[in-house]
Amino acid sequence: MSKKNFLFSFYFSLGLLCLLVFGIHILVLYLLQLPLFGYMLVQAYLLNVFLAIVIFTVLYLFRVKWKDQIGFLFLGGSMLKFVFFFIFFYPVYKGDGQMETMEFISFFIPYLVCLLLETLFTAKMLNSRS
């Protein structure tokens, strides 16, 4: 698979999967009669998708030059996501003195979806290398 096709495949899969999960997330909130766009939900999805794109693109661009450090770069990307969480989301979530389950889930679901797709595509990328 060519460079552009592999990256496009990741971007397309990421966008499609996150839109699907976001829709399901909104549906569940609706069924539970909770605020649909509360808990910084949209910001959590957008930030996780953006960071997944940046992290995977960096991994892909350095897959040959730093082939032995890809795992460390991947872990660094995950750490970067948590840094963003603690800078932008945690203060808002803890603003009332406690973090509610729905607040945690609103960040964790998009984080997990993006992480799983990044992991799948990174493994695919590394396995296709000769």
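The values are calculated or read from the model by the stated rules, or taken from the named source; none is laboratory data. Quantities reported herein were computed from a predicted structural model and do not represent experimental measurements. In this analysis, Cβ positions are derived from the backbone assuming ideal geometry, glycine residues included, and neighbour counts consider all displayed protein chains. These area figures cover heavy atoms from the full protein model, side chains too; ligands, DNA and RNA do not enter into them. Shrake-Rupley method; radii C 1.70, N 1.55, O 1.52, S 1.80 Å.
Listing for the model above:
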quantity	calculated
Cross-chain or 6+ apart pairs with Cβ under 9 Å, the stretch 34-57 first and in contact (Cβ under 8 Å) with a residue 24 or more places away in the chain, then open to solvent by 50 Å² or more (accessible area, probe 1.4 Å) and acidic (Asp, Glu)	TYR39/GLU100
Selection from the stretch 67-121 of residues that are more than 20 Å from ILE26 (Cβ to Cβ) and not in a helix (DSSP H, G or I)	GLY97, GLN98, MET99
Count of residues meeting criterion [under 13 Å from the mean Cα position of the chain (by Cα), open to solvent by less than 40 Å² (accessible area, probe 1.4 Å) and free of Cβ contacts under 8 Å to residues at least 40 places away in the same chain] in the stretch 73-97	3
Check on TYR111, closer than 17 Å to LEU17 by Cβ and either surrounded by 15 or more Cβ atoms within 10 Å (Cβ to Cβ) or out of contact with any Asp or Glu (no Cβ under 6 Å at 6 or more places or on another chain) (or both)	yes
Residue list for the stretch 27-46, restricted to those being open to solvent by less than 40 Å² (accessible area, probe 1.4 Å) and more than 22 Å from GLN98 (Cβ to Cβ)	TYR45
Residue tally, condition closer than 20 Å to MET79 by Cβ and either in a loop (DSSP other than H, G, I, E, B) or β-branched (Val, Ile, Thr) (or both), over the stretch 9-55	4
Number of positions in the stretch 114-130 that are open to solvent by 20 Å² or more (accessible area, probe 1.4 Å) and either charged (D, E, K, R) or touching a Gly at 6+ places or on another chain (Cβ under 6 Å) (or both)	2
All positions within the stretch 1-22 that are open to solvent by 40 Å² or more (accessible area, probe 1.4 Å) and not aliphatic (A, V, I, L, M)	SER2, LYS3, LYS4, ASN5, PHE8, TYR11, PHE12, PHE22
Any hit, the stretch 67-81, residues being at positive phi and out of contact with any Ser or Thr (no Cβ under 7 Å at 6 or more places or on another chain)	no
Condition check for VAL58: assigned to a helix (DSSP H, G or I), open to solvent by 40 Å² or more (accessible area, probe 1.4 Å) and within 18 Å of LYS124 (Cβ to Cβ)	yes
Filter result (over 18 Å from GLY15 (Cβ atoms) and basic (Lys, Arg)) within the stretch 74-130	LYS94, ARG129
